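Reading through the structure tokens given below for one structure.
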Amino acid sequence: MQAEYILRGQVLSFAGTPFEGDSPEAAVKLHEAVAIGGGKVLELGTWDGLRKAHPAVELVDHGDRLILAGFVDAHVHFPQTAIIASWGKRLIDWLNSYTFPEEMRFGDRAYADEIAGRYLDLTRANGTTTMCSYCTIHPESVDAFFTAAQARGQRVVAGKTCMDRNAPDGLRDTAQSAHDDSAALIGRWHGVDRLSYAITPRFSPTSTPEQLEAMGALWADHPDCLMQTHLSEQTDEITWVKSLFPEARDYLDTYEQFGLLGARGLYGHAIHLEDRERARLREVGAALVHCPTSNTFIGSGLFDMAGLMAEGQRIGLATDTGGGSSFSMLRTMAAAYEVGQLRGTPLHAAQLLWLATQGSARALHMGDQIGNIAPGMEADLVVLDLASTPAIAQRSAGAKDLWESVFATIMMGDDRAVAEVWINGAHD
């Protein structure tokens, strides 16, 4: 295929996993340029070499800026866009005070369209090219999100949130309607263009056993779909779950007994896991999604990244907007570093970038399509200015190597660091 563009910069490609081996840096390969065409990465190499191989293309020279795969956010709630950074509540109170009243509005398709577009614009400005989102109980919210993403050419995952108890009037479905509405949405959207469906019971406290059973049956009928939910976010939540499911061995068992544990399952937060839960999650190859800004903002706890990685768990990284306090995966990486410090296991910059790209892509079972710059991968890219503000520039100027410079942008950067975003081979 003939290239359409050649981008010059410090092109970062992962040749391995920076959580394995002698040093995180060894997993990273740097190139001078990347050629893209037809929405795909075609070739990595030198600037001069790629220009000779592809003479009739548009050249985009980014100098010493860092070019890497677009960020992948593995757990978000796009309907919470307008209530991000709402003050001071624990999880259950936060849902009742802010989330549920806002989600009531998404039966209005015009409002759902407005927020879906706003969310995708805000996240693109922060370098995020793919996300896995909860919608609301309203099918209109799913249609709005997928329509907006399709128009932008984005690879996204989303699903109708299912709740039939412990939620306000007007924000509950039933076991049957949740199954039927979700099945219809799968038929309408799953596998269309770059769109994928995730079966989405919000969490055990808001679903009756009958609804969880219906969701398990739906997943069995559509095993190529992902399934997303929440797990062990807060200790008082776990106590609540035990009171609702007294026969369950643990929180995870409230999903497992209804067929909602599997390799294509995404379990958000997963902070306060018991030994049996960790063993079962690892055994089936499920994904755990670390949401550090949300976990600290709502006071949930400190995710055991080092311990879970050492066990061989599949782990992604996420903003969890709007419980998470930022749309930025840079800020999310910074928070993951800070949580690691509090646990005595700080993360290297290469590990943070991997979690925000390839790690999250693998969690979504899309690691062969997105999350890395390599031949054949889809051309979703972000270009980072490593001197985007005076404070970052003066630190970067004194950096001994690339990793010191990158780390400064991770810790202090925001949307100003995002110089350019490419989605499906097209740039802003």
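Take the range 399-424 and flag every residue that is of a type in the set (A, V, I, L, M) and assigned to a helix (DSSP H, G or I).
Leu402, Val406, Ala408, Ile410, Met411, Met412, Ala417
Counting only residues that are within 25 Å of Gly340 (Cβ to Cβ) and out of contact with any Pro (no Cβ under 9 Å at 6 or more places or on another chain), which one in the range 18-35 is least open to solvent (accessible area, probe 1.4 Å)?
Ser23
Out of Asp113, Asp108, Asp73, which single residue is open to solvent by 10 Å² or more (accessible area, probe 1.4 Å), farther than 23 Å from Arg165 by Cα and at pLDDT 95 or above?
Exactly one residue qualifies, and that residue is Asp113.
I'd like the full set of residues that are open to solvent by 50 Å² or more (accessible area, probe 1.4 Å) and either in contact with an Asp or Glu (Cβ under 8 Å, 6 or more places away or on another chain) or among the aromatic types (Phe, Trp, Tyr) (or both), limited to the range 399-428.
Phe407, Arg416, Asn424, His427, Asp428
Go through (1) open to solvent by 10 Å² or more (accessible area, probe 1.4 Å); (2) farther than 22 Å from Thr254 by Cβ one by one and return the number of the condition His222 breaks.
(2)
Look at Val382 and say whether it is in contact (Cβ under 8 Å) with a residue 12 or more places away in the chain, over 20 Å from the mean Cα position of the chain (by Cα) and crowded, with 23+ Cβ neighbours inside 10 Å.
Here the answer is no, as Val382 does not meet what is asked.
Quickly run through the range 279-329 and pick out the residues that are closer than 15 Å to Leu342 by Cα, among the small types (Gly, Ala, Ser) and open to solvent by 30 Å² or more (accessible area, probe 1.4 Å).
Gly299, Ala306
Take Ile392 and tell me if it is closer than 22 Å to Ser326 by Cα and under 20 Å from the mean Cα position of the chain (by Cα).
no
Quick one: what pairs do we get from the range 266-290, first residue of a type in the set (Asp, Glu), second buried (at least 24 other Cβ atoms within 10 Å of the Cβ), C-beta under 9 Å, 6+ apart or different chains?
Glu274/Ser232; Glu274/Tyr251; Glu274/Leu252; Glu277/Leu231; Glu277/Ser232; Glu277/Tyr251; Glu277/Leu252; Glu277/Ala270
Is there a residue being under 17 Å from Met104 (Cα atoms) and within 16 Å of the chain's Cα centre (by Cα) anywhere in the range 144-164?
Looking through the range 144-164, at least one residue is under 17 Å from Met104 (Cα atoms) and within 16 Å of the chain's Cα centre (by Cα).
Show the residue pairs that are 6+ apart or on different chains and have beta-carbon atoms under 8 Å apart, the first residue being within the range 343-372 and assigned to a helix (DSSP H, G or I), the second being open to solvent by 50 Å² or more (accessible area, probe 1.4 Å).
Ala349/Phe407; Ala350/Glu25; Gln351/Phe19; Trp354/Phe19; Ala361/Gln369; Arg362/Arg314; Ala363/Arg314
Considering Asp180, Asp193, which residue is farther than 19 Å from Arg105 by Cβ, assigned to a helix (DSSP H, G or I), open to solvent by 40 Å² or more (accessible area, probe 1.4 Å) and of a type in the set (Asp, Glu)?
Asp180
The values are calculated or read from the model by the stated rules, or taken from the named source; none is laboratory data. Source: prediction; values computed, not measured. When we count neighbours, we look across all protein chains shown, and the Cβ atoms used for this are built from the backbone with ideal geometry, even at glycine. Calculation scope for accessible area: heavy atoms of the full protein, side chains included, ligands and nucleic acids excluded. Shrake-Rupley method; radii C 1.70, N 1.55, O 1.52, S 1.80 Å.
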